[in-house]
Amino acid sequence: MNPQHKNKSLAALLALLLGAAGLHRFYLHGLKDRWGWLHAACLPVTAVLLLTHPEQPLLINAALLVLSMLVASIETFVIGLMPDEQWDARYNPESGQTSDSSWLIAMLMVSNLFYGATLLLTALARSFDLYLTGGAYG
């Protein structure tokens with residue numbers, strides 16, 4: 001039986017779009033991946049915090065989700081920038097196929113750069129606003 005070939009472009013896309021839910025981890029490592037479940041647990045915890053503490057600033061309630069999104073952005077870079085030979089050695093050792101990254105990976109990396117930088121700068125700016133002014137600017 002030939003193991004399933006793990007597609008690098010699909011893994012990077014999952015990490016970029018649905019990384020906060022851990023779907024890229026489940027795709028790569030299966031449902032037994034603890035880090036994937038940690039990503040996934042951030043969603044209901046954030047929902048409970050938003051429902052039970054609506055008076056708190058959004059960033060406080062959604063801190064775990066924001067952290068999960070930032071980690072997923074870093075994981076997107078790790079996946080996308082990994083050389084194809086190393087990717088195949090790690091995720092496709094017995095699949096019999098070789099990976100050939102295309103322009104799609106480059107586009108995902110550029111998109112992730114914009115997304116991750118925007119998310120990080122927004123979280124930092126809001127954190128400083130909450131810490132220094134008590135949220136006077138929003």
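The values are calculated or read from the model by the stated rules, or taken from the named source; none is laboratory data. Keep in mind that what you see is a predicted model, and the values were worked out from it rather than measured. Positions of Cβ are backbone-derived with ideal geometry, glycine not excepted, and every protein chain shown enters the neighbour counts.
Check the stretch 70-88 and report whether any residue there is hydroxyl-bearing (Ser, Thr, Tyr), within 13 Å of residue 6 (Cα to Cα), in contact with a Phe, Trp or Tyr (Cβ under 7 Å, 6 or more places away or on another chain) and surrounded by 18 or more Cβ atoms within 10 Å (Cβ to Cβ).
Restricting attention to the stretch 70-88, the residues satisfying the condition of being hydroxyl-bearing (Ser, Thr, Tyr) are 73, 76.
When the remaining residues are screened for being within 13 Å of residue 6 (Cα to Cα), the result is none.
Within the stretch 70-88, none of the residues are hydroxyl-bearing (Ser, Thr, Tyr), within 13 Å of residue 6 (Cα to Cα), in contact with a Phe, Trp or Tyr (Cβ under 7 Å, 6 or more places away or on another chain) and surrounded by 18 or more Cβ atoms within 10 Å (Cβ to Cβ).
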Review point. In the stretch 44-66, is there at least one residue being within 23 Å of residue 91 (Cβ to Cβ) and at pLDDT 95 or above?
Key: no
Point to revise | Considering residues of the stretch 1-54 that are over 18 Å from the mean Cα position of the chain (by Cα) and β-branched (Val, Ile, Thr) only, the residue farthest from residue 109 (Cα to Cα) | key: 52
**Study point:** Single residue of the stretch 59-69 satisfying the filter (without any contact (Cβ under 8 Å) to a residue 40 or more places away in the chain and surrounded by fewer than 20 Cβ atoms within 10 Å (Cβ to Cβ)) that is nearest to the chain's Cα centre (by Cα)
**Key:** 67
Point to revise | Residue list for the stretch 28-77, filter: among the charged types (D, E, K, R) and in a helix (DSSP H, G or I) | key: 34, 75
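Is it fair to say residue 24 is at pLDDT 95 or above, under 24 Å from residue 60 (Cβ atoms) and part of a helix (DSSP H, G or I)? Steps first, answer last, please.
On the way: at pLDDT 95 or above: yes; under 24 Å from residue 60 (Cβ atoms): no; part of a helix (DSSP H, G or I): yes.
For residue 24, the condition - at pLDDT 95 or above, under 24 Å from residue 60 (Cβ atoms) and part of a helix (DSSP H, G or I) - is not met.
Name the residues in the stretch 94-114 that are among the polar types (S, T, N, Q) and either loosely packed, with under 11 Cβ neighbours inside 10 Å or not in a helix (DSSP H, G or I) (or both), would you? I'd like the intermediate steps shown before the answer.
Pass one, the stretch 94-114, residues among the polar types (S, T, N, Q): 95, 97-99, 101-102, 111-112.
Residues satisfying the conditions are 95, 97, 98, 99, 101, 102.
I'd like the full set of residues that are surrounded by fewer than 20 Cβ atoms within 10 Å (Cβ to Cβ), touching a residue at least 40 places away in the same chain (Cβ under 8 Å) and assigned to a helix (DSSP H, G or I), limited to the stretch 1-17. Step through it out loud before you land on a result.
Initial filter on the stretch 1-17 (surrounded by fewer than 20 Cβ atoms within 10 Å (Cβ to Cβ)): 1-7, 9-10, 17.
Add one more test, that the residue is touching a residue at least 40 places away in the same chain (Cβ under 8 Å), and what stays is 2-7, 9.
Listed by number, the list holds a single entry, 9.
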